[in-house]
Amino acid sequence: MDHVSSWFQAALLPDRWNVAGVSCGVLTVWHAFVLQQTGNAYNCGGACDRDAAAELLMYCSLDYANGKRLFSQPLFRDRVRRRVIRKMKRHDWPSTHAAVIDYVTTCTRAPSHKQTISQGGGVKSRAIAAPICWVLVDFLAGGDATKIKTAWDTPYALARCLFDARRDSDGSDDSLESLEEEKRIDAFLQAKEAQ
């Protein structure tokens, strides 16, 4: 496979990562937020050194609930920091640096959104459309991230029927084919295959 789209990559991200000996979860919204707020060099740019790597691994090795403890419980923060540094010491700096960069770039790679491009006073937008499968997952999960895994396991034909039925019932789409049209198209395709 020459190219993996950011949509496909997001669907394939593993739940756990071994980053320089430290077990980290996939980089979450919480992780991205805390890295932005602390100005971590791996996320915000700047000099990437052992301290920046240790800080990133300290945050990303914990979930949201335990990540909050880092800021409210100094003893817990010290214990986590010592654990991360002890594991990092088993790896040389170039391999640690490369592992952290790979982790961050892989976990934060996402499709671009609409970008406004100004051309001669006029404004032009370049849009990116979500693949239908992501639209179906979003529809089935209803914005609830805990339902995403179940949504991915829903049979495709069922998901399409549910999605189309919702769009038809709320008037969002009037281009759905009727049962009569479907029968006519199926008969046409069968006749074409028989030739």
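Read-outs: derived from the displayed coordinates by stated rules, not from any lab. In this text the structure is predicted, and so the values were computed from the model without any measurement. Cβ atoms come from the backbone with ideal geometry, glycine included; neighbour counts cover every protein chain shown.
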task = Towards the positive end of the charge dipole of the chain, with charges on Cβ (+1 Lys, Arg; -1 Asp, Glu), say which of Ala10, Ile85, Val104 has the farthest Cα.
result = Ile85
message = Restricting to DSSP H runs of at least four residues, report the calculated mean residue ellipticity at 222 nm for the chain, -39500 (n - 2.57) per run over all residues, nearest 500 deg cm²/dmol.
response = -18000 deg cm²/dmol
key: Cα-based shape type of the chain, given that a ≥ b ≥ c are square roots of the gyration tensor eigenvalues and the cut on a/c is 1.5   = prolate
request  = Run the dipole for the chain about the Cα centre, Lys and Arg Cβ at +1, Asp and Glu Cβ at -1, nothing else charged, and hand back the magnitude in debye, nearest 20.
outcome  = 1520 debye
